[in-house]
1. For D340 and A73, calculate 0.36 nm times their separation in residues minus their Cα-Cα distance, and state this gained length in nm to one decimal.
2. Past 25 Å, Cα to Cα, is the threshold; run K321/K361; K321/K418; K23/K361 against it and keep the listed order.
3. List the residues whose amide H sits under 5 Å from the amide H of V133, counting only those 5 or more places along or on another chain, with H placed 1.01 Å from N in the peptide plane.
4. Given 0.36 nm per residue, what is the gain on full extension from C481 to V5 after removing their alpha carbon distance, in nm?
5. Label S347 and R166 with points 7 Å out from Cα along Cα→Cβ: what is the distance between them in nm?
6. Spelling out what I want: for every residue of the stretch 379-386, take phi, set θ = phi - 60°, compute 6.51 cos²θ - 1.76 cosθ + 1.60 (Karplus), and round to whole Hz; glycine and proline get x.
7. Please work out how much accessible surface E464 shows to a 1.4 Å probe, ignoring ligands, DNA and RNA, in Å² rounded to 10.
8. Note down the net charge around A24, summing +1 for each Lys or Arg and -1 for each Asp or Glu among other residues with Cβ under 13 Å from its Cβ.
Amino acid sequence: SKQQVQLMEVLKKEVRAMLIAAKAGLTPEQLEEQYMAMVCKPLPLRDLGFQSTLELVTQMPEVVQICSSKNGALILKAIADDSTKGIARLVANQKVKSRKASKKTAAKANSTFPTKNSKNPQSFHTLSAGTPVLPAVVKAELQDLLSSSPLLLADLDKAFLRRFGRAFQYRQYGFLSMFEVLRSMSDSIAVEQTKAGSLLVLRKYLASKIEQQEVPQTVSAAEVPSLEPTCKTKSCCQAAALMDSEPVQTQAVDLGDHLKQHQGLEQFPPTPEIPPDAVQDRSLCSLPPLRRRCLVGVIVEFVVSPSQFYIHVCSTEASYKLQDLMFEMRHVYSHKVASDKYIMPESAVRPGQLCCVMVSKWWYRVIIHRVINDQEVEVFCADYGHLQIVQKSWLRFLKWHYLKLPAQAIPCSLAWVKPVEGTWSSAAILLFKHLCRFKELVGIVDEYVDGVLYLFLCDTSTKEDVYFHSVLRDMGYADVCGENIPSQEFEELNPSALYVQPSGKQGNAEVVEPDLRLQQESQDAGRETATLKLNGAEL
């Protein structure tokens, strides 16, 4: 039918985009997984009358080349057409990174904006980008796994699967081996050689003699005094202290058994009062704005389209602060007594309320966006940029202490581009996600418009620097217009603008300083900017 023909043509573009981005090709199973991850639905095999993925790709001889690997497995590789040959060549030239020479962070190299007119243009290859990066949550999971005791490398896969219910697939993050993963986390995980094999140990516990301390499932009363129970008897306080040396899973049972020994304490009802350190009418502030034309290392955390995505700025300090925050929140809210103390009454569950929520055993700072029904709410994750529907029962008041760290997700739009068809096609979004996925990139700041950062993105992991706006243009998905078109997606909904307070309103004069300098530099930069625009956004 005509509908099937149209669906097949769209699918061919999507499959080609996914396979071009995979230098070594994909197995049919990997193609299915990547399609599900990027499009959020399975391959439409039944709609097109196919029984398997292999049967589908055999009907795309102009798109897919079916090869055999050394071990006999089938590998699917892209066949580039006229519009994608340049992209395929760039991917084919992708370098296997050497870890011997460390690269400087891009955030420190923000003084030069390279142009064709520069006599000594600064090479982006000096700016630590393209390096595989583990997501912050995965780093925290590995540290959590090793927090109770060291672990043999040979047992890591089984332990990770048992703890988190899924295999640790490091290759999807761009790593070639587990040793590369460990090298990337060498600042927090040490590898010791023993007779039994390589032993993984958290560095912060190597010099510590507190071997019984369990992190993040336990916490000492000295660290979090608010975890003390409301009972004022000496014996009950001793019971609360004993909780700190027991795993979280057994605390509720141990405390309940202890309290039953006391007359009148058979029941332990939650206190109806809102804790004095609970955040009620405050907002998170945003990160200070980046200076125009500076170069920064970035990781794209969440993508809606090239006109709406969220980034983290690559900074060791910022990364540690976010990880520490997640650990500490899990410390506190994993204790039943403390968790019950911060339960939110129905009156507090309203749009705009800053709180926290548990998802997959981790706690995130969120803002309630809308109440869906009696059981569910939609929340905005201020540190990662996405909206998610969660159960009301998962919500807790945010402690005042966790308000200090600014919201880490920066709303962004790709500079100087607009979709050819008026709106971004699914193939264009899919390609953009592939270009961004699990890589440290170089971002070139252009400007802020209504709180949205417009920037260029560049992948320096290839022999030639790959600018994302040029890739989208060459693929026929975007026009390079030489100016920033307001993002339609952010105009419809920008949760950051709704719920996160701009840092400039905090009275910090240093935040405004870059804008003042830009005004002074605007005349000097005018000719250079005009030249860039006339060159079709070729930087």
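1. Answer, rounded to one decimal: 90.9 nm.
2. Table pairs above 25 Å Cα-Cα are K321/K418; K23/K361.
3. E440
4. Difference between extended and current length: 168.1 nm.
5. Each label point lies 7 Å from its Cα, and together they span 4.0 nm.
6. Couplings: 10, 9, 8, 5, 9, 10, x, 10 Hz.
7. 90 Å²
8. Net charge around A24: +4.
The values are calculated or read from the model by the stated rules, or taken from the named source; none is laboratory data. Quantities reported herein were computed from a predicted structural model and do not represent experimental measurements. Because the Cβ atoms are built from the backbone with ideal geometry, glycine has one as well, and the counts that use them run over all protein chains shown. The area values use the complete protein model at the heavy-atom level, side chains included, leaving out ligands, DNA and RNA. Shrake-Rupley method; radii C 1.70, N 1.55, O 1.52, S 1.80 Å.
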